[in-house]
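> Okay, here's the structure, questions in a sec.
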Amino acid sequence: MIVWLNGAFGCGKTSTAAELRSLIPSSRLFDPETVGYMLRPNLADHLVSDFQHWPPWRPLVVATATELARFTGQHLIAPQTILVRAYLEQIFAGLREAGLQVFHVVLDAGEDALRQRIQDSPEAQAWRLAHLAGYRASRWWMIPAADLVVDTGCRTPAAAAHQIATALPGL
């Protein structure tokens, strides 16, 4: 199974994923951004605002996740914001075609909570703040597409992880 943590930048995906790792036996973290980091020097002559826009990124995420799951025999926890519906659908369809079950979790928080978290973090503040509007614009399809929505505005990462772990089918 792949537990995909989606949501706004600053909603707690990375922290929740770390907590969730300890609650799911035989699981490991898989960061789809590493696929983008691999592509960046190889596609430097193809400028994009986000590596998710490179067409090879999506099938390579599928291939990498599939091979990691097959090689390790473990469940994967993937904390990755995807705001383009077609991209998410392409990745999930590929994972399912490979025989992997996907459990899509959207971590959601109010605007004030997100802004406060981003401002309290030294990590890419301007970039994360600039992408809040994109999350708001994608939220209309993201929430109904999720298997589970967790409000992280009022939960610690540990509490969010516990809520996710108890909702997972078959674990």
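The values are calculated or read from the model by the stated rules, or taken from the named source; none is laboratory data. Computed from a predicted structure; not experimentally measured. FYI the Cβ positions are ideal-geometry reconstructions off the backbone, even for glycines, and counts take in every protein chain you see. Remember, those area values only see protein heavy atoms, side chains included, never the ligands or the DNA or RNA. Shrake-Rupley method; radii C 1.70, N 1.55, O 1.52, S 1.80 Å.
> For GLY73, all conditions in the list (1) at positive phi; (2) touching a Cys at 6+ places or on another chain (Cβ under 9 Å) hold save one; what is the number of the exception?
So GLY73 meets the others, but not (2).
> Residue under question is ARG58, and the condition is that it be under 25 Å from TRP141 (Cβ atoms), basic (Lys, Arg) and modelled with pLDDT of 95 or more; does it hold?
yes
> Now for a different question. Restricting to helices (runs of 4 or more DSSP H) lying wholly in the stretch 12-107: which have 1 or more residues that are surrounded by fewer than 19 Cβ atoms within 10 Å (Cβ to Cβ) and under 13 Å from the mean Cα position of the chain (by Cα)?
13-23, 33-42, 85-97
> Next question. Quick check on my filter: what residues within the stretch 133-166 are among the β-branched types (Val, Ile, Thr) and open to solvent by 50 Å² or more (accessible area, probe 1.4 Å)?
Scanning the stretch 133-166 gives VAL149, THR156, THR166.
> Moving to a separate point now. Pick out the one residue from ASP108, ASP120 that is of a type in the set (Asp, Glu) and at pLDDT below 90.
One residue alone meets the criteria, ASP120.
> Here's a follow-up. Pairs under 7 Å by beta carbon, first residue part of a helix (DSSP H, G or I) in the stretch 120-145, partner modelled with pLDDT under 75 and polar (S, T, N, Q), six or more apart or different chains?
Qualifying pairs under 7 Å: GLN125/GLN119.
> Additional query: Within the stretch 1-20, can one find any residue that is without any contact (Cβ under 8 Å) to a residue 60 or more places away in the chain and either among the charged types (D, E, K, R) or in contact with a His (Cβ under 7 Å, 6 or more places away or on another chain) (or both)?
Checked against the condition, which is being without any contact (Cβ under 8 Å) to a residue 60 or more places away in the chain and either among the charged types (D, E, K, R) or in contact with a His (Cβ under 7 Å, 6 or more places away or on another chain) (or both), the stretch 1-20 yields no hits at all.
> Just one of (1) surrounded by 15 or more Cβ atoms within 10 Å (Cβ to Cβ); (2) under 30 Å from CYS154 (Cα atoms); (3) out of contact with any Cys (no Cβ under 9 Å at 6 or more places or on another chain) trips up ALA126, so point out which.
(1)
> Also, I was wondering about something else. Just to be sure, is GLN116 free of Cβ contacts under 8 Å to residues at least 60 places away in the same chain and within 23 Å of ARG155 (Cα to Cα)?
The answer is yes for GLN116.
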